[in-house]
Amino acid sequence: MPLIPLRPLLETVDKYHFAQGAFNVNAVAQAKAAIEVHEMFRSAAILQGADLANGFMGGRTDFQNATLEDKKTGAKNIAAAVKKYAENSPIPVVLHLDHGKNFDSCVAAIEGGYTSVMIDGSSLPFDENVELTREVVKYAHERGVSVEGELGVLAGVEDHVFSATSTYTNPLKAVEFFKKTGCDALAISYGTMHGASKGKNVKLRKEIATAIKECMMHENLFGVLVSHGSSTVPRYIVDEINALGGNIQNAYGISIEELKAAIPCGIGKINVDTDIRLAVTRNMKEYFYYHPEKRNSASIGGVYQLLEEKKEQFDPRAFLPPIMDTVMYGNIPDQDTAELVAVIEKGVKEAIGTLIVEFGSYGKASLVEQVSLEEMAERYKKCK
């Protein structure tokens, strides 16, 4: 199927009261695996490329310093991979930009083939955030592309997104934000945190989501609330990484029980990234542990060396530069690379599969309307 905008999936989530996991991918193999596991569970899929992931997929291994041109190239590479595997898939697939840094980043993603974008103006004063988001909404909706905004600040670190403290979302300001921007979804701050160190026994301020949704119902407004920083950080995977020589400390996620309890309160899209990073890194470390003869492989030995050098890291992008042709284009030059790609794919499926079930999107792919970007553009035009 062709990729669809986010809006039809959000409408399904809102109507049937479940949450859709949104999963970040940073390589062709990850995109392939993510779509395949959603197919297994007959769930629609939201695949996300973060702003700096576009830089990485554009060949910039020091992706923190990615230029706009790097991001343009990477957006096209991610979109090409997702479209390739979605084309013959029986499920609806959305390609969403996570944490668009500015207007130009969103434009680069849309021109590259993304069907949904997030513009993160949460660090700006309210009025400036509104103006930036409204500008992105105008550009995107004219092209049938959906838009997610953000209001409130999450603590933690994810790529270029950093804050030492959280600022909870004001429900009345959230309603005002929806009204003034026309965005389709809004990421809120209600107790989640970016990164792997979220603290023990996090309790979410679910009453914030409840208040926003109740006010929106009163105002007859449509919009789905998004939970960022929602990785569960499975303890068993962290322990297995450390048993294989890793050194990951103070890694705690949001409990699945807390996330599930937030769904009836209005959370309809739940972003997960760290869980996938952990599972993929664990699988790569395990592969080289059980296949020591591969450590000096001409094609993948460099990955092993980086795994050994960077024991405190768990982001696969830190280890994959030796096989960037495979990362960016999916090329498999030899059997060693094929085997490493296979374990990467298994890690993605392990992390995502459980959450598809827990969040309730399994078996609901057929409920999502197939809408083209052109059709969606016409619908947005009529809603003005």
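The values are calculated or read from the model by the stated rules, or taken from the named source; none is laboratory data. Computed from a predicted model, the values in this text were never measured in an experiment. Neighbour counts are summed over all protein chains in view; Cβ atoms, including those assigned to glycine, are modelled from backbone coordinates with ideal geometry.
Brief remarks follow.
- Meets criteria (surrounded by fewer than 19 Cβ atoms within 10 Å (Cβ to Cβ) and in a loop (DSSP other than H, G, I, E, B)) for Asn242: no
- Checked across the range 77-95, the condition of being surrounded by fewer than 24 Cβ atoms within 10 Å (Cβ to Cβ), over 21 Å from Arg7 (Cα atoms), at pLDDT below 95 and not hydrophobic (A, V, I, L, M, F, W, C) holds for at least one residue.
- Members of the range 47-72 that are closer than 28 Å to Gly363 by Cβ and of a type in the set (Gly, Ala, Ser): Gly49
- Failed item in (1) surrounded by fewer than 21 Cβ atoms within 10 Å (Cβ to Cβ); (2) over 19 Å from the mean Cα position of the chain (by Cα); (3) not hydrophobic (A, V, I, L, M, F, W, C), with Thr354 passing the rest: (2)
- Within the range 227-245, if we keep just the residues that are over 13 Å from Ala279 (Cα atoms) and of a type in the set (Gly, Ala, Ser), the residue that is modelled with the lowest pLDDT turns out to be Gly229.
- For the range 53-69, the criterion of being within 17 Å of the chain's Cα centre (by Cα), part of a loop (DSSP other than H, G, I, E, B) and closer than 23 Å to Gly229 by Cα is satisfied by no residue at all.
- Of all residues in the range 14-36, those satisfying the criterion of being over 17 Å from Gly330 (Cβ atoms) and either part of a helix (DSSP H, G or I) or free of Cβ contacts under 8 Å to residues at least 12 places away in the same chain (or both) are Asp14, Lys15, Tyr16.
- Here Ala80 does not qualify as assigned to a helix (DSSP H, G or I), touching a strand residue (DSSP E or B) at 6+ places or on another chain (Cβ under 8 Å) and closer than 23 Å to Ile276 by Cα.
- Residues considered: Asn271, Asn220, Asn283. Of these, the only one that is farther than 19 Å from Asn24 by Cβ and of a type in the set (S, T, N, Q) is Asn220.
- Residues of the range 2-44 that turn out to be touching a strand residue (DSSP E or B) at 6+ places or on another chain (Cβ under 7 Å) and farther than 18 Å from Val272 by Cβ, as a count: 5
- Restricting attention to the range 295-307 and to residues that are more than 27 Å from the chain's Cα centre (by Cα) and surrounded by fewer than 18 Cβ atoms within 10 Å (Cβ to Cβ), the residue that is nearest to Gln335 (Cα to Cα) turns out to be Ala298.
- Test for Ser116: is it surrounded by fewer than 24 Cβ atoms within 10 Å (Cβ to Cβ), touching a residue at least 60 places away in the same chain (Cβ under 8 Å) and touching an Asp or Glu at 6+ places or on another chain (Cβ under 8 Å): no
- Exclusive hit being within 28 Å of Gly360 (Cβ to Cβ), touching a helix residue (DSSP H, G or I) at 6+ places or on another chain (Cβ under 8 Å) and among the hydrophobic types (A, V, I, L, M, F, W, C), set Ala75, Ala22, Ala44: Ala44
- Selection within the range 270-292: residues that are among the hydroxyl-bearing types (Ser, Thr, Tyr) and more than 21 Å from Thr192 (Cα to Cα). The member of this set that is surrounded by the fewest Cβ atoms within 10 Å (Cβ to Cβ) is Tyr290.
- Of the residues making up the range 37-52, those that are in a helix (DSSP H, G or I), of a type outside the set (Val, Ile, Thr) and touching a residue at least 60 places away in the same chain (Cβ under 8 Å) number 4.
- Residue under evaluation Tyr190, criteria (1) modelled with pLDDT under 95; (2) in contact with a Pro (Cβ under 7 Å, 6 or more places away or on another chain), criterion not met: (2)
- Among (1) without any contact (Cβ under 8 Å) to a residue 40 or more places away in the chain; (2) surrounded by fewer than 21 Cβ atoms within 10 Å (Cβ to Cβ); (3) touching a Phe, Trp or Tyr at 6+ places or on another chain (Cβ under 9 Å) - the single one Glu11 does not satisfy: (1)
- Considering the range 146-182, the residues that are in contact with a strand residue (DSSP E or B) (Cβ under 7 Å, 6 or more places away or on another chain), at pLDDT 60 or above and surrounded by fewer than 21 Cβ atoms within 10 Å (Cβ to Cβ) include one that is nearest to Cys383 (Cα to Cα), namely Lys173.
- Flag if Asp127 is without any contact (Cβ under 8 Å) to a residue 40 or more places away in the chain, among the acidic types (Asp, Glu) and assigned to a helix (DSSP H, G or I): yes
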